[in-house]
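A.B. asks: Just dropping this structure here.
The values are calculated or read from the model by the stated rules, or taken from the named source; none is laboratory data. This is a predicted model, so every value here is computed, not measured. As a convention, Cβ positions derive from the backbone with ideal geometry for all residues, glycine included, and neighbour counts pool all protein chains shown.
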Amino acid sequence: MMNLDSLKPAERVAFADAVLERIGGDPFGTVPKRELDIALFSGLVAAGYLDADESQFSMARKLGITPTRVRALMYAYRLARADGGGDLAAILAHVRVVSIDAAGDAVLNVEDAFARDAFVARLKDLDVYTDGSFNRERITVTTDVFMAALDDAFGRDGERIRAVIEDRLAARGRDGRLRFVGDLGKKLIGEAAGVTLKALLAAAT
């Protein structure tokens, strides 16, 4: 059950503005329920009741709906705000690096469906094909190919991320494998498991 009583006046105005932006101009009674749901969802994000970067399970609990519905709403929300290639900042914030084996594969995890599709599309544009057959959220790609594609896929940010990964792989010596959980993850981003590409970019600056 949502509790919106804590919203401040400015947050309520932000909510109303976001809803009107989405459905403004449509004749009364003609807006489909799905569009209304997306408009209300966008308003809740604009008001700060929802954080677009929080977990989908957390959103589902706040809204009292299933994670499946949250995924659909979030996809529509991001699609409406992204450019043709997807929001780069959203991609970097949602791609979590699980492990990287210098002589094997890079294993990544992306819960957000839109960020995942945008990330995979950027790699496909460079003829880099990923494997997500085992788990849709889990993406596997050959490390050499992934590292080579970072610069072209993400520009200067990709170059910096690649440099951080190369430095950390070199520090592991013969082991040549990084697992971005546990102590390394805590050092970079606190208690959360895994490290996002955004966190690696921050580590490079």
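A.B. asks: Tell me which residues, restricted to region 27-43, are surrounded by 12 or more Cβ atoms within 10 Å (Cβ to Cβ) and over 20 Å from His94 (Cα atoms). Can you show your working first?
C.D. replies: Here is the first cut: in region 27-43, the ones surrounded by 12 or more Cβ atoms within 10 Å (Cβ to Cβ) are 31, 35-43.
Within region 27-43, Val31, Glu35, Leu36, Asp37, Ile38, Ala39, Leu40, Gly43 meet the criteria.
A.B. asks: Identify the single condition in (1) surrounded by fewer than 17 Cβ atoms within 10 Å (Cβ to Cβ); (2) of a type outside the set (S, T, N, Q); (3) within 24 Å of Phe114 (Cα to Cα) that Ala46 does not satisfy, given that it satisfies every other one.
C.D. replies: So the condition that Ala46 fails would be (1).
A.B. asks: Only one of Val141, Val128 is assigned to a loop (DSSP other than H, G, I, E, B) and farther than 23 Å from Ser58 by Cα; which?
C.D. replies: Values: Val141 fails: assigned to a loop (DSSP other than H, G, I, E, B).
Of the residues listed, the single one that is assigned to a loop (DSSP other than H, G, I, E, B) and farther than 23 Å from Ser58 by Cα is Val128.
A.B. asks: Let me ask something else about it. Those residues that are polar (S, T, N, Q) and in a helix (DSSP H, G or I), I need them from region 1-48; list them, please.
C.D. replies: If the condition is that a residue be polar (S, T, N, Q) and in a helix (DSSP H, G or I), then Ser42 is the only one that fits.
A.B. asks: May I pose another question? Here are some conditions: (1) outside the structural domain of Phe114 (by TED's automatic domain parsing); (2) out of contact with any Pro (no Cβ under 6 Å at 6 or more places or on another chain); (3) in a helix (DSSP H, G or I). Leu92 meets all but one. Which one does it not meet?
C.D. replies: In the conditions (1) outside the structural domain of Phe114 (by TED's automatic domain parsing); (2) out of contact with any Pro (no Cβ under 6 Å at 6 or more places or on another chain); (3) in a helix (DSSP H, G or I), Leu92 misses (1) alone.
A.B. asks: Take Arg156 and tell me if it is in the same structural domain as Ala106 (by TED's automatic domain parsing), crowded, with 17+ Cβ neighbours inside 10 Å and at pLDDT 85 or above.
C.D. replies: On the way: in the same structural domain as Ala106 (by TED's automatic domain parsing): yes; crowded, with 17+ Cβ neighbours inside 10 Å: no; at pLDDT 85 or above: yes.
Spelling it out, it is not the case that Arg156 is in the same structural domain as Ala106 (by TED's automatic domain parsing), crowded, with 17+ Cβ neighbours inside 10 Å and at pLDDT 85 or above.
A.B. asks: OK, next. Here are some conditions: (1) assigned to a loop (DSSP other than H, G, I, E, B); (2) within 30 Å of Asp157 (Cβ to Cβ); (3) modelled with pLDDT of 85 or more. Tyr75 meets all but one. Which one does it not meet?
C.D. replies: For Tyr75, the exception is condition (1).
A.B. asks: Can I ask one more? Go over the candidates Arg116, Arg122, Arg61 one by one and state the one that is loosely packed, with under 14 Cβ neighbours inside 10 Å, over 20 Å from Leu178 (Cβ atoms) and free of Cβ contacts under 8 Å to residues at least 40 places away in the same chain. Talk me through it step by step, then tell me what you get.
C.D. replies: On the way: Arg116 fails: loosely packed, with under 14 Cβ neighbours inside 10 Å; Arg122 fails: loosely packed, with under 14 Cβ neighbours inside 10 Å.
Residue meeting the stated conditions: Arg61.
A.B. asks: Let me ask another. List the number of the failed condition for Asp53; all other conditions in (1) outside any loop (DSSP other than H, G, I, E, B); (2) closer than 30 Å to Gly158 by Cα; (3) of a type outside the set (A, V, I, L, M, F, W, C) hold.
C.D. replies: (1)
A.B. asks: If you don't mind, there's one more thing I want to ask. In this structure, is Arg71 charged (D, E, K, R), outside the structural domain of Lys198 (by TED's automatic domain parsing) and touching a residue at least 24 places away in the same chain (Cβ under 8 Å)?
C.D. replies: When the stated conditions are applied, Arg71 passes them.
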